[in-house]
Structure formats: C-alpha cells, structure tokens
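A.B. asks: One structure is given below, represented as structure tokens, and several questions about it will come after.
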Amino acid sequence: MKTKAMNVTEKILSAHIVEGESAQERELGIKIDQTLTQDATGTMAYLQFESMGVSRVKTDVSVSYVDHNTVQIGFENADDHDFLQSIAKKYGIIYSKAGNGICHQLHLERFGKPGTTLLGSDSHTPTGGGIGQIAIGAGGIDIAVAMAGGAFHIPAPKVRAIVLKGKLRKGVSAKDVILKVLEKFGTKGNVGWIFEYTGPGVKTLDVPSRATITNMGAELGVTTSVFPSDAVTKQFLTAQGRAKDFVEIVPDKGAKYDDTFTIDLSKVEPLMAAPHSPGNIITVKSMKGKKVNQILIGSCTNSSYRDIRTVALYLKGKHVADDVEVGIACGSRQVIEMLAKDGSLEILHRAGCRMLENACGFCIGAHMSPRTGAISLRTNNRNFEGRSGTKSAGVYLVSPETAAASALTGKVALPTEKPVAAVPSPKKFPIDDAMFLYRASAGKGVKGAEIVRGPNIAQVPNGEKLASSYKAVCAIKVGDKITTDHIMPAGARLKFRSNIPAYAKFVFEPCDPAFHDNCLANKAAGAVNVIVAGESYGQGSSREHAALCPMYLGVKAVIAKSIERIHRANLINFGIVPFEFENPSDYEKIAAGEKFELKGLREAVEGDGVLSIKAKKGTVNIRTRLSDREKHLLLCGGLLASL
Ligand code: MIC
Ligand code: SF4
C-alpha cells in the first residue's frame with residue numbers, strides 16, 4: 001500500500017496526536033515529550049502543577065531554567081529561585097541554576113531532540129525547531145498539564161513551506177532571513193500556521209542559524225516553525241556529545257504544503273526591524289550613517305558561539321566608537337567557555353564591550369535601559385515601545401554582523417562592506433552540565449523534599465463558574481497590535497510574577513495606569529470588566545499573567561477584532577471569554593467606560609458563541625469560536641477550576 005508523502009510537520013505531529021484525528025478537526029491534542037519553563041513564568045506553572053496533586057513529572061524531560069529575573073534587587077527574585085529549585089528536586093525536574101544561561105540556547109545545546117515535541121512557558125520555545133523539534137510556546141498552566149501527562153491542544157495547523165535556495169552572502173545571516181520572512185508575512189494574521197523551512201538552501205545553515213530563524217518565528221504569531229533534521233543536525237548533536245539523539249526527519253518526495261514561499265538566500269540583504277514592531281522591516285542601507293547610542297548583542301535569538309565569535313572577528317584589534325555603549329550577553333556557559341578558549345573574550349573586552357550576564361537581561365528591560373531618546377541597535381527579537389525600559393528610545397532589531405559593524409563607527413553600518421570569514425561549526429563543544437541540578441533524580445523526584453516558600457510566593461487565584469448574565473463595563477478600549485508587554489509589563493515589574501495581587505496593580509500600566517483601581521471599583525459595584533481591542537490583541541510573550549491578573553481584577557470578556565493564539569488560549573485557561581467582532585467596524589460603537597449587559601453569556605458559550613450587546617451607538621454582534629474542551633473550561637471558570 002502506498003503511504004501518503006509527508007512533510008516534516010506531519011511526520012512529527014502524526015506520531016504525537018492523541019485527540020482529534022485529521023486536519024479537518026478544529027483542534028488537535030498532542031502528546032508532549034519535553035517541557036521547559038523559565039523563572040518568570042515558571043513559579044506560577046509549578047504552583048499550578050502542585051495544585052494538581054501529581055507526585056512527579058510524567059514527561060521524558062522537564063527542565064526549569066532561571067534566566068529572566070537574575071538581577072536581584074530585593075528579596076523577591078531570590079525567593080523565587082529557591083522555590084523553583086525545591087520544586088524541581090521534589091517532582092523530578094532538572095533545575096538550571098541562574099548563571100547557566102538562557103533557556104532556549106541551553107535547551108538546544110543539551111536536551112532538544114529531533115522528532116520530539118517540546119512545550120515551553122515562553123513564546124520563543126520554537127527555537128527547538130532549529131533542531132527538528134515541534135517546539136511550542138504556551139501559558140504556564142498548559143505546561144503544568146503537560147508535566148502531569150496531559151495532552152496539549154493546538155489549532156489543526158496549516159503548513160507553509162518556506163523554500164530556501166542559494167547561499168547567504170558574507171555579512172548577511174539568519175537574522176536577516178527571519179526579518180525577510182517578517183517583511184513578507186508581518187506580525188498578524190498567521191495564527192494557526194506552522195512554517196516549515198525546506199529546499200536546497202537549508203543545508204547551508206548551521207543549527208544556531210536555523211534556531212535564530214525558528215526563534216523569531218514567534219514574532220509572526222505562528223504556532224511554531226521547524227527545520228528538517230539532517231546531516232547538519234547530526235553534526236551539531238555529535239559535537240554536543242549527543243549523537244544518539246539524532247534521527248533523520250526530512251520531507252518525503254512529493255510532500256504537500258498549504259502554501260509555499262521561496263527565498264533566494266543569495267539575494268537577502270541586511271535588514272532591520274524599526275521601532276516599535278518586529279514587523280517594521282527596512283533595509284540597513286536605508287539607515288546607513290545614522291548615529292547610534294547603544295548596541296546590545298545577545299538574547300535567545302543571537303547568543304550562540306557562532307554569533308558572538310562573528311562579532312569578535314569584526315571587532316578584532318579595534319575599539320568601539322567613543323560615544324556608543326556596547327554590551328554583550330552570551331547564551332550559555334558553553335558559549336563563554338569557547339570564547340575564552342579561542343581568545344574572543346579578550347578581543348571583546350579590549351574592544352571596550354561591557355560583558356553582561358548570560359541571561360535575558362537587556363532583552364526584557366531588566367537592565368541596560370538606554371538614555372532618553374536613544375537609538376539602540378539590538379540583536380534580540382522584540383522592540384515593542386517601552387520594553388527596553390525607556391519609552392522614548394527607538395530600538396532597531398539587527399543581526400550580530402550589523403551590530404558589530406555599527407559598534408566600530410557608532411553609526412549604522414553595512415556589515416557587507418567589510419565582512420569577516422564565516423565561523424565554522426565546532427567539531428566538539430566543551431560539555432559541562434554541572435549547573436543542571438537533579439539529573440540523577442530526573443523524572444523520579446526526591447520523596448519528602450521540602451518546598452521552600454518565601455513571602456513573595458503567593459497563592460494562585462482561581463476562577464468562578466460562568467454565570468448566565470453580567471452587568472459589564474468597558475474598562476479599557478485599546479487599539480491594534482496590543483502586546484502582552486502593554487497588558488502586563490515586565491522589566492522593573494517582573495519581580496512580582498509570583499504574587500498576583502501585587503503584580504495585578506500594573507495591568508495596562510503603559511496604556512492606563514488607573515485600570516487596576518477602576519476594575520476593582522467596578523467589581524465592588526457588582527459589574528464585570530470587559531476589554532475592547534483592535535487587531536491582533538495579545539501579541540508577543542506567552543505570559544499567562546496577561547490573563548491571570550485581569551481575571552483577578554474581574555475581567556470576564558475580551559472583545560477584539562482578532563486575538564493571537566497563545567494569549568487566546570491563556571484567556572480561556574483563566575475563564576475570560578475571547579470574543580471577536582462579527583463586523584470589525586462595530587469596534588467604534590463601544591466607548592471606554594460604557595456600561596452594558598452581557599445577557600446570556602453562559603448560553604452563548606454553551607451554544608454557537610454568538611452574543612449581542614446593546615451599546616449606546618447601536619447593537620454590537622460578537623462571536624467566539626470554541627472547541628468542546630474550551631467551552632468546558634470557560635463554563636467552569638478556567639482550567640484550574642475545571643480540575
Ligand atoms: C519575552 O520575551 O517577552 C519573555 C519575557 O521571554 C516572555 C515570557 C515572560 O513574559 O515571562 C515570552 O516570550 O513568552
Ligand atoms: Fe529571554 Fe528575551 Fe528570549 Fe524572552 S526573548 S526568552 S526575555 S532572551
């Protein structure tokens with residue numbers, strides 16, 4: 001019998017589907033082999049896991065990384081680290097101590113396995129796609145369910161082939177490729193897609209380059225991105241001492257895709273994402289000569305040995321311009337060790353770079369905020385307004401090559417003018433897993449291990465059963481492309497992640513600092529709060545706090561022109577109904593502060609999802625499209641309440 005020719009996505013997914021059988025199903029339940037958490041989302045995920053009453057993790061590998069909140073001002077972050085370490089010990093989770101590196105880089109180096117599924121409480125988990133994993137970002141509670149052995153649900157995907165041909169020119173790199181993809185497909189309208197990279201150009205990209213592309217695929221809003229697992233993958237895994245983890249996964253001849261887009265790598269030019277969206281793509285050439293105040297290199301997108309060594313080659317024997325501040329954060333200890341061995345650290349130091357901790361740091365606005373009105377070039381993946389900690393700054397996302405070339409002059413420079421030699425893939429990476437704790441008890445856990453809870457570890461609030469009707473207030477009306485950084489700011493506020501009442505004070509802080517107080521006043525007056533938004537609401541991070549904290553403030557519904565995948569799932573997990581306008585122009589009919597009734601909300605969720613609101617300016621028809629599983633969660637008041 002002739003079997004169907006399959007692409008890489010179909011091969012991996014078909015081996016993991018446990019619920020919903022074909023692409024016709026609206027939602028697929030897949031088995032999760034590996035999970036990862038980071039500290040900023042991890043504390044909540046583990047509190048939720050704990051409340052599920054399971055004795056140990058049921059996955060093949062679960063790793064808890066500490067990389068986000070490593071700047072410890074006050075006791076809060078250190079409290080969180082202790083809690084995470086103790087939970088890991090008890091439940092059979094591997095614990096990666098602060099100082100080991102950034103979760104996505106580390107996971108790629110030491111755990112990622114072709115052909116497996118990985119679920120992570122961080123939107124850049126698709127980095128694992130660079131090694132042939134189906135790696136997906138989700139809210140913490142979904143990770144908790146996966147750790148307890150439950151399936152994860154994704155919209156039945158459409159698969160787009162990104163066919164790569166040719167070879168990149170010197171000075172152009174993977175970052176420019178993903179910026180090219182973002183130029184074509186933008187940051188909205190890609191919900192439900194998986195982007196699969198294929199074609200003859202694939203073999204010209206090493207694993208770190210592939211991982212840069214799948215990492216920043218998160219900015220497209222796709223479910224994930226994936227590369228095949230081929231000879232390049234085998235070489236990488238072998239050099240990591242993990243040859244046994246290799247399996248070949250390439251598309252079958254004649255494999256079909258729902259759409260195809262071809263990129264000739266030899267024609268890609270250096271690109272940058274201009275403020276304030278990763279989708280605002282312009283050429284580096286168009287900005288050449290513009291004065292720059294700050295250049296930051298690193299983050300989970302561009303912190304591999306390949307990337308930082310390339311920067312060192314640009315800076316060798318030279319010094320960065322006097323009036324530019326240059327900082328470098330490596331992705332892992334392995335990267336630092338290699339740079340120390342081959343002399344790159346000395347080069348970078350001599351060149352006047354500030355060597356930063358191997359953590360998320362600047363990327364999440366945890367430090368290195370630029371000066372007022374600064375132009376900051378960065379190699380990370382997000383440049384949302386204010387994310388750097390300085391609202392007036394303009395952050396441009398660039399490749400390590402563009403960053404390095406510009407560091408020398410203090411002005412935007414073209415890396416293709418004086419390119420350096422390509423960095424060959426190392427034959428052997430130095431391996432030192434000493435900062436991964438509890439490997440011996442992984443999957444088993446240590447009976448009787450005590451959980452450490454400092455005062456920053458608060459309880460997880462739970463939702464309430466959905467009622468039939470509610471008095472409601474439009475507590476805020478926001479525009480298009482509202483990111484989770486707008487809804488639930490990180491940076492200086494990040495340390496409250498384990499304490500919902502404290503963190504909830506900052507919901508919508510950048511848009512309306514009175515939101516928290518107004519919501520509580522409405523709640524006290526017996527009304528629920530509703531958020532009204534434009535297109536692509538909830539872009540960006542996987543932080544479930546952007547749903548959990550609004551739930552705590554009495555938000556019961558979001559009405560938007562469209563809602564992004566991870567955020568929509570988080571809303572449902574916390575009992576907030578995600579509605580879309582039947583007619584997007586009805587957005588104009590509801591005003592901020594307006595009072596109305598959500599009449600028959602429960603019946604709408606149970607039934608066809610359609611609801612009418614009598615607003616002052618006329619009737620507004622809204623609709624939510626839900627699977628049976630999602631209906632059940634909403635009716636119960638969220639995932640935790642449903643258990
Ligand atoms: C981000 O890059 O925005 C983060 C911080 O890594 C988030 C996770 C979080 O908010 O903790 C993400 O990408 O999911
Ligand atoms: Fe960390 Fe930035 Fe990557 Fe998020 S995008 S995981 S903050 S390095």
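The values are calculated or read from the model by the stated rules, or taken from the named source; none is laboratory data. Nothing here was measured: the structure is a model prediction, and the numbers come from that model. Here Cβ is always computed from backbone atoms with ideal geometry, including for glycine, and neighbour counts include all displayed protein chains. SASA here: full protein model, heavy atoms, side chains in, ligands and nucleic acids out. Shrake-Rupley method; radii C 1.70, N 1.55, O 1.52, S 1.80 Å.
A.B. asks: Any idea which residue in segment 569-585 is nearest to ligand 2 (Cβ to nearest atom), counting only those that are without any contact (Cβ under 8 Å) to a residue 60 or more places away in the chain and open to solvent by 10 Å² or more (accessible area, probe 1.4 Å)?
C.D. replies: Here the answer is 580.
A.B. asks: Of everything in segment 498-545, what is in a helix (DSSP H, G or I) and within 16 Å of ligand 2 (Cβ to nearest atom)? Give them in sequence order.
C.D. replies: 545
A.B. asks: Which one is nearest to ligand 1 (Cβ to nearest atom) among residues in segment 339-366 that are in a helix (DSSP H, G or I) and open to solvent by less than 20 Å² (accessible area, probe 1.4 Å)?
C.D. replies: This residue is 364.
A.B. asks: Is there any pair with a first residue in segment 479-495 that is under 19 Å from residue 534 (Cα atoms) and in a loop (DSSP other than H, G, I, E, B) and a second that is within 11 Å of ligand 1 (Cβ to nearest atom) and polar (S, T, N, Q) whose Cβ atoms are under 9 Å apart and which are 6 or more apart or on different chains, and what are they?
C.D. replies: 481/539; 482/539; 488/541
A.B. asks: Turning to a different aspect of this structure: Kindly evaluate residue 523 against the criterion of being in contact (Cβ under 8 Å) with a residue 24 or more places away in the chain, open to solvent by 40 Å² or more (accessible area, probe 1.4 Å), within 24 Å of residue 44 (Cβ to Cβ) and among the basic types (Lys, Arg).
C.D. replies: Yes: the conditions hold for residue 523.
A.B. asks: Suppose we filter 90, 113 for residues that are away from ligand 2 (no atom under 16 Å from the Cβ), of a type in the set (Lys, Arg) and out of contact with any strand residue (DSSP E or B) (no Cβ under 9 Å at 6 or more places or on another chain); which single one remains?
C.D. replies: After ruling out the rest, the residue left standing is 90.
A.B. asks: Exactly one of (1) more than 16 Å from ligand 1 (Cβ to nearest atom); (2) open to solvent by less than 10 Å² (accessible area, probe 1.4 Å) is unmet by residue 383. Its number?
C.D. replies: Condition (1) is where residue 383 drops out.
A.B. asks: Take the residues in segment 113-134 that are part of a loop (DSSP other than H, G, I, E, B), of a type in the set (Gly, Ala, Ser) and within 12 Å of ligand 1 (Cβ to nearest atom); name whichever of them is farthest from residue 213 (Cα to Cα).
C.D. replies: 121
A.B. asks: Name the residues in segment 546-572 that are within 16 Å of ligand 1 (Cβ to nearest atom) and part of a helix (DSSP H, G or I), would you?
C.D. replies: 546, 547, 548, 549, 550, 565, 566, 567, 568, 569, 570, 571
A.B. asks: Here is a follow-up. Among the residues that make up segment 284-298, is at least one of them touching a helix residue (DSSP H, G or I) at 6+ places or on another chain (Cβ under 7 Å), crowded, with 17+ Cβ neighbours inside 10 Å and under 30 Å from residue 431 (Cβ atoms)?
C.D. replies: Yes, segment 284-298 has at least one match.
A.B. asks: Right, next: Check 225, 229 and return the single one that is within 16 Å of ligand 1 (Cβ to nearest atom), in contact with a Gly (Cβ under 7 Å, 6 or more places away or on another chain) and open to solvent by less than 10 Å² (accessible area, probe 1.4 Å).
C.D. replies: Among 225, 229, only 225 is within 16 Å of ligand 1 (Cβ to nearest atom), in contact with a Gly (Cβ under 7 Å, 6 or more places away or on another chain) and open to solvent by less than 10 Å² (accessible area, probe 1.4 Å).
A.B. asks: On to the next question. How many of the residues making up segment 49-75 are surrounded by fewer than 21 Cβ atoms within 10 Å (Cβ to Cβ) and in a helix (DSSP H, G or I)?
C.D. replies: Of the residues in segment 49-75, 2 are surrounded by fewer than 21 Cβ atoms within 10 Å (Cβ to Cβ) and in a helix (DSSP H, G or I).
A.B. asks: OK, next. One residue is enough: does segment 231-241 have a residue meeting the conditions part of a loop (DSSP other than H, G, I, E, B) and under 29 Å from residue 66 (Cα atoms)? If you could, list the steps in order and put the result at the bottom.
C.D. replies: In the first step, residues of segment 231-241 are kept if they are part of a loop (DSSP other than H, G, I, E, B); the result is 240-241.
Filter once more, so that each one left must be under 29 Å from residue 66 (Cα atoms): 240-241.
Yes: segment 231-241 contains one or more residues that are part of a loop (DSSP other than H, G, I, E, B) and under 29 Å from residue 66 (Cα atoms).
A.B. asks: Output yes when any residue across segment 135-153 is among the β-branched types (Val, Ile, Thr), away from ligand 1 (no atom under 16 Å from the Cβ) and open to solvent by less than 10 Å² (accessible area, probe 1.4 Å), and no when none is.
C.D. replies: There is no residue in segment 135-153 that is among the β-branched types (Val, Ile, Thr), away from ligand 1 (no atom under 16 Å from the Cβ) and open to solvent by less than 10 Å² (accessible area, probe 1.4 Å).
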